[in-house]
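I have placed the structure first, in the form of structure tokens, so that the comments after it can refer back to it.
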Amino acid sequence: MTGVGEEAMDVDLKSLGFRVEERRTLASGSDELLINMGPQHPSTHGVLRLLLRTDGEEIQEAVPFMGYLHRCAEKIGENVPYDTYTPYTDRLDYLSSMNNNWAWAMTVEKLAGIEVPQRAEYIRVIVAELNRIASHLVMVGTYGLDLGAFTPFLLTFREREEILDILEEISGGRLCYGYIRIGGVTDDITPTFATKCRAFLRQYVSKLDAINELLSYNRIFIRRTANVGPLSAEKAIACGCTGPILRASGVDWDLRRDEPYSIYDKFDWNVCVGKGEKGQLGDTWDRYMVRVREMYECVKICEQALEGIPEGPFRAKVPRNFKPPAGECYFRAENPRGELAFYVVSDGSKRPVRVKVRGPSFCNLSVVQELSRNMLVSDFVAVVGSFDLVMGEVDR
Amino acid sequence: MNQEAKAGEPKPPVINNSMRFRTEEAFPVLKSHFGDAVRSLSDTRPDRHILVRPGFLPEICKFLRDDPDWQCNMLHCVTGLDQAETLAVVYHLFSMPKRHFVVLKTEVLRDSPMVPTLAHIWPSADWLERETFDLFGIVFEGHPDLRRILLPDEWIGHPLRKDYEMPTHEKLRELGL
């Protein structure tokens, strides 16, 4: 059935970035249409390409294509010394660099058996939780933007700016910090750090309430997000979803409480779980709200850590020519987007034999295809946004 | 607090070892159930793994998922490894109700790297295996949709193999990449 017109159409499709075989999957004689969403679509927050097979306004299927941001992070890991890899971990999930640095540092510390000074642990918790707030603020702000609410975006980015200022003061960076190193942190906190942190946290909760009023309990916002794209707990676990996505589906699971690494067992805080208040359990509103509530908990952890921070060294002695013993090691940590895990194989030399990055967004993204079935295109934007994907981590 | 923490000594980690690995306990259980299919328990540190024959991998995994003692309901990670003569795939199985990890490893020949898929046991294996196929060229038999995932479809070779040679810019231009 391929006439001249068909071939011309194939050429057109090719120039638009479609593969001809993809077009062939369309049922003949139907009203189905292939639409390319991304890789530059604003709601994909990066370079994710989704190929939508639509029938009118309804999506039959959405197939994700990744790799636009592939920077060979794992190959680089095999070619640089352990400490030199820290800045590369910054660029995995670039919205939560501190947490990435920390996960990498803990993996290597576990491999080499390095004990971290208590002061360093407290500093790590404070900066990681501040970074978690900053990361969730980006999600909340841009999610509102995706759904047509502009004001919360300005509010959240103003707050995030203050966190970036605080983190800049101790690390020198505003996005990629490289602050948490193997054995501790790069430098001690500045004398004004604790005061600035406290001042920020004190006023922050009221700002968060304002965001809640503006966006979370806004009637239009609830109508756009409740009952959209519900993800069941079984499905979430089987697909390897972690972090807020898993908790929103009603699974009471947070590594910071259930597998307390570092000093998280010393703090008093709650794990936020989706309850399906506005609609079905695990819908996009739940996924959004889990993050907002987590920010309140981050404030609690930060305040307690600031209270208990002891004096002492901020970094263990790690030799300049650092060579961990031969072996293999897997370690995971709770990042803003889920469980970031590193698998490292060492042969006792300066460089790892293999570094595997298990990015949480990668596994979280894999359920999108299934959720997309029989969904309106505009609802799909709400679903993709609620997954808070960072493509740096998916493509690595 | 020990302020003179020494690095590089082969002592067990003092902190941040919150993950519970039960690979050692799993080994005799799997050995009694599957016999020769389970080859050996490694003595690597700090984590150990069980070496299994690739053909029996789905059965072993199904057992670890369904057995009430193990309940590994999540496939946390799939990793490819280049070990010079052989290629290997490492599986990190996690049980949320029991809160433990079991690490399995399987080795295949470089020339015909075929491993049965686990996508029908855990859906998360789908993309993780596609990634391993993309970067190592390990073929997962029975996988529903084994395509490249990170690299372009036209890419030649599998970059995380140790003998991979980076194509020159001219070569890339030829391929239209």
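Observations
- Residue-normalised accessible area of segment A:31-74, given per residue in Å² at a 1.4 Å probe: 43
- Value at 222 nm in deg cm²/dmol, rounded to 500, when DSSP H runs of n ≥ 4 in chain A each add -39,500 (n - 2.57): -14000 deg cm²/dmol
- Calculated translational diffusion coefficient of chain B (4 °C, 1.567 mPa s; Stokes-Einstein with Kirkwood radius over alpha-carbon pairs) equals 72 µm²/s.
- Amide hydrogen proximity for residue A:375: with H placed 1.01 Å from N in the peptide plane, the residues at 5 or more positions away or on another chain lying under 5 Å are A:59.
- Point-charge dipole on Cβ atoms (K/R +1, D/E -1) for the protein assembly as shown, about Cα centre, debye to 20: 1220
- Tensor-based shape of chain A (alpha-carbon gyration tensor, a/c under 1.5 rounded, otherwise prolate or oblate): oblate
- In segment B:120-134, comparing the full protein assembly with the chain on its own, the residues that lose 20 Å² or more of accessible surface at a 1.4 Å probe are B:123, B:124, B:127, B:128, B:131.
- Averaged over its residues, segment B:33-171 has an accessible area of 40 Å² per residue, based on protein heavy atoms and a 1.4 Å probe.
- Solvent-accessible surface of protein heavy atoms, probed at 1.4 angstrom with all chains present, puts A:256, B:20, A:53 in the order B:20, A:53, A:256, largest first.
- Exposure of residue A:68 as accessible area (Å², to 10), given a probe of 1.4 Å and all protein chains: 110
- Cα gyration tensor shape for segment A:145-269, rounded if a/c is under 1.5, else prolate or oblate: oblate
- Comparing each chain alone with all protein chains together (probe 1.4 Å, DNA, RNA and ligands left out), the residues of segment A:328-345 losing at least 30 Å² of accessible area are A:328, A:330, A:331, A:332, A:343.
- Net charge in the neighbourhood of residue A:175 (other residues with Cβ under 13 Å of its Cβ; Lys, Arg +1, Asp, Glu -1) is -2.
- Counting Cβ atoms of other protein chains within 10 Å of each residue's Cβ and taking the mean over peptide A:348-356 gives 3.
- Close amide-amide hydrogen proximity is noted between residue B:21 and B:101, each under 5 Å apart and 5 or more residues distant or on a separate chain (H modeled in the peptide plane; Pro and chain starts excluded).
- Spin-label proximity, residue A:84 to segment A:291-328 - amide N less than 18 Å from point 7 Å beyond Cα toward beta carbon: A:319-324
- Taking a ≥ b ≥ c as the square roots of the eigenvalues of the alpha-carbon gyration tensor, segment A:295-396 is classed oblate because a/c is 1.5 or more while a/b is no larger than b/c.
- Taking every protein chain into account, the 1.4 Å probe leaves residue A:156 with about 0 Å² of accessible area, to the nearest ten.
- Considering only A:169, A:121, A:109, the Gaussian network model of chain A with Cα springs below 10 Å gives its largest mean-square fluctuation to A:169.
- Counting only protein heavy atoms and a 1.4 Å probe, segment A:277-396 has 28 square angstrom of accessible area per residue.
- Residue order for A:143, A:296 - accessible surface, 1.4 angstrom probe, largest first: A:296, A:143
- DSSP bridge orientation in the protein assembly as shown - percent antiparallel, rounded to nearest 5: 85
- Residues A:84, A:107, sorted by accessible area with the largest first, give A:84, A:107 [1.4 Å probe; ligands and nucleic acids excluded].
- Solvent-accessible surface (1.4 angstrom probe) belonging to residue A:269, in square angstrom, nearest 10: 30
- Choice from B:18, B:32, B:40 showing the highest fluctuation, given a GNM over chain B with Cα pairs closer than 10 Å: B:18
- Estimated buried accessible area (total), pair B and A, 1.4 Å, Å² to nearest 100: 5200
- The GluC sites (Glu not before Pro) of segment A:269-368 that meet both conditions, a loop assignment by DSSP and at most 14 other Cβ atoms within 10 Å of the site Cβ, are A:277, A:311.
- Selection from A:92, A:270, A:366, by position along the positive dipole direction of the protein assembly as shown (Cβ): A:270
- Here residue A:300 is the anchor, and the lysines within straight C-alpha reach of less than 25 Å, apart from those fewer than 8 places off in the same chain, are A:196, A:207, A:266, A:275.
- Of A:350/B:162; B:31/B:105; A:110/A:317; A:235/A:356; A:356/B:162, those spanning more than 19 Å from alpha-carbon to alpha-carbon: A:235/A:356
- The protein assembly as shown, accessible surface, carbon-and-sulfur percent (1.4 angstrom probe): 52
- Chain B: calculated mean residue ellipticity at 222 nm from DSSP helix runs of at least 4, using -39500 (n - 2.57): -7000 deg cm²/dmol
The values are calculated or read from the model by the stated rules, or taken from the named source; none is laboratory data. Quick caveat: nothing in here was measured; it's all calculated off a predicted structure. With ideal geometry, Cβ positions are generated from the backbone for all residues, glycine too; neighbour counts draw on all protein chains shown. For accessibility, only protein heavy atoms count, side chains too; no ligands or nucleic acids. Shrake-Rupley method; radii C 1.70, N 1.55, O 1.52, S 1.80 Å.
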